[in-house]
1. Quick test for you: out of TYR217, TYR195, pick the one residue that is of a type in the set (Phe, Trp, Tyr) and under 16 Å from SER62 (Cβ atoms).
2. Kindly evaluate SER289 against the criterion of being polar (S, T, N, Q), within 22 Å of GLY31 (Cβ to Cβ), surrounded by fewer than 21 Cβ atoms within 10 Å (Cβ to Cβ) and touching a helix residue (DSSP H, G or I) at 6+ places or on another chain (Cβ under 8 Å).
3. Which condition from (1) touching a strand residue (DSSP E or B) at 6+ places or on another chain (Cβ under 9 Å); (2) of a type in the set (Lys, Arg); (3) free of Cβ contacts under 8 Å to residues at least 40 places away in the same chain is the one that LYS46 breaks?
4. What number of residues in the stretch 98-143 are in contact with a Gly (Cβ under 7 Å, 6 or more places away or on another chain), in contact (Cβ under 8 Å) with a residue 24 or more places away in the chain and either assigned to a helix (DSSP H, G or I) or more than 28 Å from ARG205 (Cα to Cα) (or both)?
5. Does any residue of the stretch 286-309 turn out to be closer than 25 Å to GLN22 by Cβ and not in a helix (DSSP H, G or I)?
6. Mind checking whether some residue in the stretch 155-163 is crowded, with 22+ Cβ neighbours inside 10 Å, in a helix (DSSP H, G or I), without any contact (Cβ under 8 Å) to a residue 40 or more places away in the chain and of a type in the set (A, V, I, L, M, F, W, C)?
7. For the stretch 166-182, how many residues are among the aliphatic types (A, V, I, L, M) and under 13 Å from TRP69 (Cα atoms)?
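The values are calculated or read from the model by the stated rules, or taken from the named source; none is laboratory data. Note that the structure is a prediction, hence the values are computed from the model and not measured. No Cβ is skipped: glycine too gets one built from the backbone with ideal geometry, and neighbour counts run over all protein chains shown.
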Amino acid sequence: MNDKSGKKVKAIEVHNGKKISQLLSEMTQTGFQGRKLGEVVDVWEKMIKDPNVTIFFGYAGSLSTTGQWKIIKWLIENHFIDVLVPTGANISEDIVDAMGFDYMKGSPVADDAKLFKEGYNRYYDVYGAEIDYLEMTELIADFIVTLDENHRYSSRGFLHLFGKWLSKKGIKSIVSTAAENNVPIFCPAIIDSPYGDAALIARSRGFNLTLDSVKDYVEFMSMGEKVSDTGVIYIGGGVPKDFIQLFAVTGDLLYKDRKIPNRKDALMRKGTDETYYPHKYAIQITTDSPQWGGLSGCTFEEASSWGKEVISEKTIQCYSDATIALPLVAHALAERVKIKRKGAELTSLFDGKK
């Protein structure tokens with residue numbers, strides 16, 4: 001085959017002084033997941049520079065324990081994220097570090113019974129002291145008891161207030177950084193984390209916290225009135241990925257005519273009166289495979305059958321460990337993107353709301 005298209009594989013050459021962004025650019029001319037990782041940077045850069053795009057970032061797993069949480073802070077500070085949808089673990093376990101405690105490098109073949117007796121929890125090859133974990137949980141409980149016991153909080157409202165509270169204490173975590181930069185955080189599975197444990201501690205002190213999942217969903221979907229195009233970034237899958245995917249396909253159910261006000265270019269499908277607003281850009285970095293049928297490994301091609309994505313060169317899936325991919329991609333973006341992104345203004349929707 002004599003391919004004259006100019007799309008030949010190009011071998012990577014090694015030399016001193018090569019920037020990470022240059023390396024990843026060269027990787028787009030290679031193969032397998034290396035090519036995909038390079039394309040992730042290209043798509044994310046386009047997303048950042050598109051003035052009409054609101055960027056949603058969802059991530060699962062236990063990345064804060066592995067030294068990744070300051071990357072998320074940096075993304076927020078540079079407005080490379082407009083809406084954050086994490087697991088509860090990822091926005092609590094970073095607080096341990098932000099409070100001045102440590103996670104320790106360990107081994108995946110440790111004596112776990114001994115670790116338990118000595119007061120350590122193992123995250124694969126990282127150890128964390130249970131006493132530090134409890135200190136963080138007690139800190140969240142200290143915040144909870146300052147709230148209005150008669151109010152029903154969305155996770156967004158709860159986390160915004162918590163971020164402001166942490167900021168005043170000088171604890172520069174993901175949640176406090178988001179509050180300082182007016183980036184809303186929605187955490188639909190928040191109870192499955194130290195936040196749930198902190199609510200139990202608050203209950204033992206006589207305080208009853210109420211988190212309203214329906215209110216959370218309504219607030220999340222109401223942002224549809226304020227966005228034009230959407231871009232999504234998934235690190236892993238789970239609840240964060242599904243929650244963001246639903247923004248494209250179920251937000252119309254909030255309105256009687258099944259149309260989101262102020263949004264254009266809706267798609268229709270046979271047999272329903274629903275409207276669909278697929279994500280224009282989409283990036284996924286995951287280690288999960290699609291053949292098991294779970295959402296975490298679900299391809300964007302499959303998601304397009306639901307109306308969640310439009311398949312194009314702006315949708316990239318990379319099968320990689322996030323602890324490898326995320327630092328490389330973030331540093332490449334830091335080298336390539338020199339503009340200060342304004343970011344989407346969504347907080348006015350929640351003015352006066354807790």
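1. Exactly one of TYR217, TYR195 is of a type in the set (Phe, Trp, Tyr) and under 16 Å from SER62 (Cβ atoms), namely TYR195.
2. Against the criterion (polar (S, T, N, Q), within 22 Å of GLY31 (Cβ to Cβ), surrounded by fewer than 21 Cβ atoms within 10 Å (Cβ to Cβ) and touching a helix residue (DSSP H, G or I) at 6+ places or on another chain (Cβ under 8 Å)), SER289 qualifies.
3. Going through (1) touching a strand residue (DSSP E or B) at 6+ places or on another chain (Cβ under 9 Å); (2) of a type in the set (Lys, Arg); (3) free of Cβ contacts under 8 Å to residues at least 40 places away in the same chain one by one, LYS46 breaks only (3).
4. 3
5. no
6. yes
7. Looking only at that region, the number is 3.
Listed here are the residues, each with its yes/no results for (1) in contact with a Gly (Cβ under 6 Å, 6 or more places away or on another chain); (2) among the charged types (D, E, K, R); (3) farther than 28 Å from ASP229 by Cα; (4) modelled with pLDDT of 95 or more.
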position: GLY6; (1), (2), (3), (4): no, no, yes, no
position: GLY17; (1), (2), (3), (4): no, no, yes, yes
position: VAL40; (1), (2), (3), (4): no, no, no, yes
position: ASP50; (1), (2), (3), (4): no, yes, no, yes
position: PHE57; (1), (2), (3), (4): no, no, no, yes
position: VAL83; (1), (2), (3), (4): no, no, no, yes
